[in-house]
Amino acid sequence: MIIDFHTHTFPKKVSSGIVEKLAAKSCSAPFTDGSADALAASMKHAGVDWSVNLPVMTYAGQVEKVNSSLIAGQETLRAQGIITFGGIHPDLEDYRGELRRLRDAGIPGIKLHPAYQGVDFDDPRMMRILDYANELGLILITHAGIDIGIHDHDYCSVAQILHVLKEVRPQRLVLAHMGGWACWDAVERDLAGAPVWMDTAFAIGPITPCANADQPPFRTMNLTDEAFVRLARKHGTDRILFATDSPWEDQADYISRIERMPLTDAEKRSILGGNAAALLSLT
């Protein structure tokens, strides 16, 4: 079983426009138009059994509407092999009620994006969400490290993550981008082995730039194969989740990147799907 733990989809009517704007901001080329249908086609081509859709709430006023749409459409998405998470914003007043609504609707987890939300990961507004979501048994996934399109401040640094782990102790926290994109030395030194999962999204191999795009900072900051294997084994390959950040990486190509790694067959099976299946309680 192959599970892509980190993908993004948008409503079909607006997906192309949203992806174009994000591509311009990050100077990174997309591989689909960002719609659920395009993700499903990519999955079929790549041999991916399940993908996890992660919505990003950029302001509090959109949370209820977007989550309601995802709740209403989750069975349609599941029929395409897509498991959707919900989203939350740290400025949402009734965050407890919204988290309960997601849990009661069968949504397995929530996505946080400190950089796009403009709030540090260990801000009290974030930590109260993490604490209550943890109490409800939800999976928590956050963008970690620098964002390629927002590189003036690290909203989810290793130090902030360690502070959250000490104060909140979340039981099912996933750190996207191998624990902290472009902060690899700190991740390997201080975070590897912590009680968290790390996903591989946008962390290994080359980054494909947009045509005629300027070269932004951090363009060459992805992990080498050697550095990835070293970090994965130091952290524990049983806590590494295959993830692509689709539409920002090609799923078929990303699978090949994992398969070429100097890992054992058992490690590859765990990373490509076994670990995620256990976390998501999939048979």
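Derivation of every value follows stated rules applied to the coordinates shown; laboratory data play no part. A quick note: this is a predicted structure, and the numbers were derived from the prediction, not measured. We place every Cβ from the backbone using ideal geometry, glycine too, and count neighbours over all the protein chains shown.
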Please say if the stretch 1-114 is rounded, prolate or oblate, where rounded means a/c under 1.5 for a ≥ b ≥ c the square roots of the C-alpha gyration tensor eigenvalues, and otherwise the choice is prolate for a/b larger than b/c and oblate otherwise?
-> oblate
Set the Förster radius R0 to 51 Å, insert the Cβ-Cβ distance between D104 and K234 as r into 1/(1 + (r/R0)^6), and round the FRET efficiency to 0.05.
-> 0.85
Neighbour-count ranking for T224, T142, T237 (other C-beta within 10 angstrom, fewest to most) reads T224, T237, T142
Go ahead and estimate [θ] at 222 nm for the chain from helices alone: -39,500 (n - 2.57) per DSSP H run with n ≥ 4, summed, over the residue count, rounded to 500.
-> -11500 deg cm²/dmol
Give, to the nearest whole percent, the P(r) tail of the stretch 67-154 beyond 22 angstrom, counting all Cα pairs.
-> 30 percent
Do any of K111/K166; K166/K268; K65/K268; K13/K44 go past 28 Å between their Cα atoms, and which?
-> K166/K268; K65/K268
Sorted by Cβ density within 10 Å, fewest first, the residues M178, M198, M43 | M43, M198, M178
Spin-label pair R260/H153, simplified geometry with 7 Å Cα→Cβ offset, distance in nm | 3.9 nm
Of S15, V119, W50, whose Cα points farthest to the positive end of the dipole of the stretch 3-280 (charges on the beta-carbon: +1 Lys, Arg; -1 Asp, Glu; origin at the Cα centre)?
-> W50
Ranking of C156, C183, C27 by count of other Cβ atoms within 10 Å, fewest first = C27, C183, C156
